[in-house]
């Protein structure tokens, strides 16, 4: 057993040992910090390598963070875009109409007789003065010859009576005959002159009847189907109640008849009489270029049954492409709007808040813009009265998955007409 003194000495030794070790360790550390000329030190390139490795590790970490952030974002959605353009467009009303002949003439005989010749083909174009039918002229030629003979007789008798009157005037001047004899001679001459005028009238009438034997076209137009043939006997009637031989219709220009709804009358009255008022006529299949004509007539009352107002335009038709009673598409142009913004019609979308378009910003994100669309124009374009400006980029297709602020991958939009033209040119080159 240890005595109290031995235990105390043992504890003191234990407490002194750490102090001794601490002093020794401090001495060793001091020796390590003190540079030694004969020992090894870390070269400079080691520090550089360590710094490069540290920078690489930091950059790699940042790259991983960016890639993880990109992976968390939705990809840019592909869309087709186009610029908002401006140009002059018409303000119009579209209607359905029909064409009507500018002139219609029913040819009738004005002299009775047998038709001996036809000088036209059914459905051919004829000009004013062209010979259509010939009626047997022999009876009328004989009547003309007879009238001319009677005229010659009356003129001869007038010449004799004028000589007699001159002699009577000489005798009266010498008081050889009485005044009564002179008056009788003068009355005879006057009667002969009246007979000459009557005979001249008979000749003129006979000439007119003879001319009626040649039935000519009164207008420029297109002949219809003939209603009589050579050999038929027709009855002349100057009152217009005789038999119709042929119908001729003037086709250039031609009338375009259409109606205007009474709801559109305030707008029509606003521009009626303005210089830009025109009427465009086109076939339903668009097989011919549209024809621009002038407004000729608009009725002064609304039709009770239909609630429409009749209107008529004069349309040029040099190639006879438009025919009477043919249905046509009519665009009643009231005015021309200057420099209005236009976008493809499919760019305008409808929501519960109204029409809108997606506008692409400079950072390829989209902004939802409320717009006020106007009339659709040719080329599948729509007028935008407010909401966008010229030069802005709008989304044409691909709006379904878009929302404000969404990232897009814009590609240029090619209109269908332009695409067809490019394909046609490519085929032509091949």
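Some notes on this structure:
- Computed on region 137-212, with alpha-carbon pairs under 8 angstrom and 6+ residues apart, the relative contact order is 54 percent.
- Across region 50-149, the convex hull enclosing all Cα atoms gives 354 Å³ per residue.
- From least to most packed, judged by other beta carbons within 10 angstrom and beginning with the fewest, 302, 348 follow the order 302, 348.
- Region 289-378 - Kirkwood radius from inverse mean 1/r over Cα pairs (Å): 17.9 Å
- Cα-based values for region 361-408, radius of gyration first and Dmax second, are 12.0, 32 Å.
- Counted over region 196-288 with a bin width of 10 Å, the fraction of Cα pairs per bin, in whole percents, is 10, 24, 21, 17, 16, 10, 2.
- Fewest-first sequence of 160, 350, 135, 333 by Cβ atoms within 10 Å of each Cβ: 350, 160, 333, 135
- Cα-Cα separations in region 273-430 greater than 28 Å, expressed as whole percent: 46 percent
- Length, then width, then depth: along the principal axes, the Cα atoms of region 137-212 run 56, 13, 11 Å.
All of the numbers you see were taken from the coordinates with simple rules; none came from a lab. Computed from a predicted structure; not experimentally measured. In this analysis, Cβ positions are derived from the backbone assuming ideal geometry, glycine residues included, and neighbour counts consider all displayed protein chains.
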